[in-house]
1. For A:T308 paired with A:L141, estimate the spin-label separation in nm (one decimal), with each label point 7 Å from Cα along the Cα-to-Cβ line.
2. With a probe of 1.4 Å, find how much accessible area the stretch B:15-140 has per residue, and write the answer as a whole number in Å².
3. Accessible area per residue for the stretch A:19-178 in Å², computed with a 1.4 Å probe and the full protein assembly in place, what is it?
4. Could you derive backbone 3J(HN,Hα) for the stretch A:241-253 from the dihedral phi with the Karplus parameters 6.51, -1.76 and 1.60 (θ = phi - 60°), listing whole Hz in sequence and x where the residue is Gly or Pro?
5. Quick one: grab the alpha carbon gyration tensor of the protein assembly as shown, order the square roots of its eigenvalues as a ≥ b ≥ c, and give me rounded if a/c is under 1.5, else prolate or oblate depending on whether a/b is larger than b/c.
6. Within 10 Å of each Cβ in peptide A:276-285, how many partner chain Cβ atoms are there on average? Round it to a whole number, please.
7. So if I take the centroid of the Cα atoms in the stretch A:296-349 and the same for the stretch A:130-188, what is the distance between those two points in Å?
8. Please check the stretch B:90-113 for residues whose accessible area, probe 1.4 Å, is lower by 50 Å² or more when all protein chains are in place than in their chain alone.
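The values are calculated or read from the model by the stated rules, or taken from the named source; none is laboratory data. From a predicted model like this one, the values you see are computed outputs, not experimental measurements. Note that we place each Cβ from the backbone using ideal geometry, even for glycine, and neighbour counts take in every protein chain shown. Protein only, heavy atoms only, side chains kept; ligands, DNA and RNA dropped before computing areas. Shrake-Rupley method; radii C 1.70, N 1.55, O 1.52, S 1.80 Å.
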Amino acid sequence: MYVAVKGGEKAIRNAHKLLAKRRRGDTDVPALGIDQIAEQLSISVARVMAEGSLYDESLAALAIKQARGDLIEAAFLIRAYRTTLPRFGYSLPLDTAKMLIERRISATYKDLPGGQLLGPTFDYTHRLLDFKLAADGEVDLEEVSMSEPETGPVPRVTELLGDEGLMDADVLPEDDAVVGDLTREPLGFPADRDLRLQNLARGDEGFLLALGYSSQRGYGRNHPFTGEIRFGAVEVEFFAEELGFAVTLGTIKLTECQMVNQFAGSAKSSPKFTRGYGLVFGQSERKAMAMSLVDRALRWEEFGEECTAPVQDTEFVLSHSDNIQATGFVEHLKLPHYVDFQAELELIRTLREEWFNAHAGEEEIQEAAQ
Amino acid sequence: MSKEQPYQDLNMPSDEAIANRQKSMAILAAAPVETLTRAFENYADIPAHDIVRAPEIGLVMARGRMGGTGAPFNLGEVSVTRCVIRLKTGEAGSSYIMGRDKKKALQAAIFDALWQNPAHHETIETTVLAPLAAAQEEERQNVRAETAATKVDFFTMVRGED
């Protein structure tokens, strides 16, 4: 059987022209600038950078504009772009203790060194629409208050617990331990925590949110407390071989979440709190929290727990967290499947014919009985 | 010249020299594009130089640590532009800068080379790096002050007589 496989070029060209027109919308309305998106839709930009797995605010803003605000499509554009660039190497590990903090809260300690710093948060807003923002022109901004900052250190809450021996400690690897990299080797199972965290850091916020939520509702329950969330700028350092020393490339904004969970202990080790960790590009608190819940759930084996829930199933979670892969496979269904479907049609016609042949006699018998 | 020279010393910069250069490169990298360009255009005397490695855009995979202090993992990439130039007087200047601005990478590499040249070092320190560093510190201080104003002051109510 021959099937037309060419054609549609003109339709596609015209469709893309139409897309460009619809993207622009009413030309009486000013066009969006990339800088406007980067400055005023910074949380969207953060999400595209996290899920596109590339920190570059102006690129993410461009992707959002091109994708008409479709953030998964925008992340897709970013992932495609990054494949065109050479990799210079790996950074030195980021030190979130040296963060220039813009927000830092703990739900486990009221008074802690460095204090509770609310920063720019939606928390405690009333979620009422602010129609002043809908008015044309600039909204008069209230002047932001300034206070004399404390100069003391702002230790991570997990360190406070660790000092007392109450927290399961971070394990340092051998010096020559290889760090898994999903952009170099396809994901395989079982996956160690380095691969899991990389996968979650670029995973879909909605998927991780739902999984984290499921663990709170009892599917793989682990009694979480937000030990600490911090958001701010951290320097990225890179060891330049030809220079023989590390250079500071600049700063990136990160959200870090330390989720403290109930105990693990055994005959060999004393009871301790356990934790999940979330680290995400940009101000992405929901994602960082969800990531830390899922990270903790996936550590069930380490702590000798039972695996009873979807959120604990490493293969299930990691194989479905990537929204670029997911959208590719789901959306490919709309591409032409004419040949496949022809085969299905023939099959269903044959099945029906067989069925009618087999049941032809029965109907006559039934009619006769009536 | 039969006397054997030890391999080290001669060309190896001291730890302090490296630390100073790291600091100066970090200030250049953190400078906003417009500010750096203005500093470059205002710099009276940009000498002739060769491009050793033209500005090139690439990626660095940023690593985090599990739990903040544990084993490293790959968090995601950052875009980076790097460039190497050489002055006629021999100093090689480098830049590694987040983002994709080739002009900024070139200008930072030239400043880095000039910083290493004794005839330019002081001028670069005082007219280029010092104002950039001051502006960057002021910006950081503003963030700290704005954040500090959002610190929660808990107060406790005293009930009863004592």
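1. For A:T308 paired with A:L141, the spin-label model returns 5.1 nm.
2. Values: 5260 Å² over 126 residues.
Ligands and nucleic acids excluded, the result is 42 Å² per residue.
3. On the way: 10400 Å² over 160 residues.
Solvent-accessible surface per residue comes out at 65 Å².
4. 3, 5, 8, x, 8, 8, 10, 8, 7, x, 10, 10, 8
5. Working: a/c = 1.77, a/b = 1.39, b/c = 1.27.
Prolate, because a/c is 1.5 or more and a/b exceeds b/c.
6. 3
7. 31 Å
8. B:Y96, B:M98, B:R100
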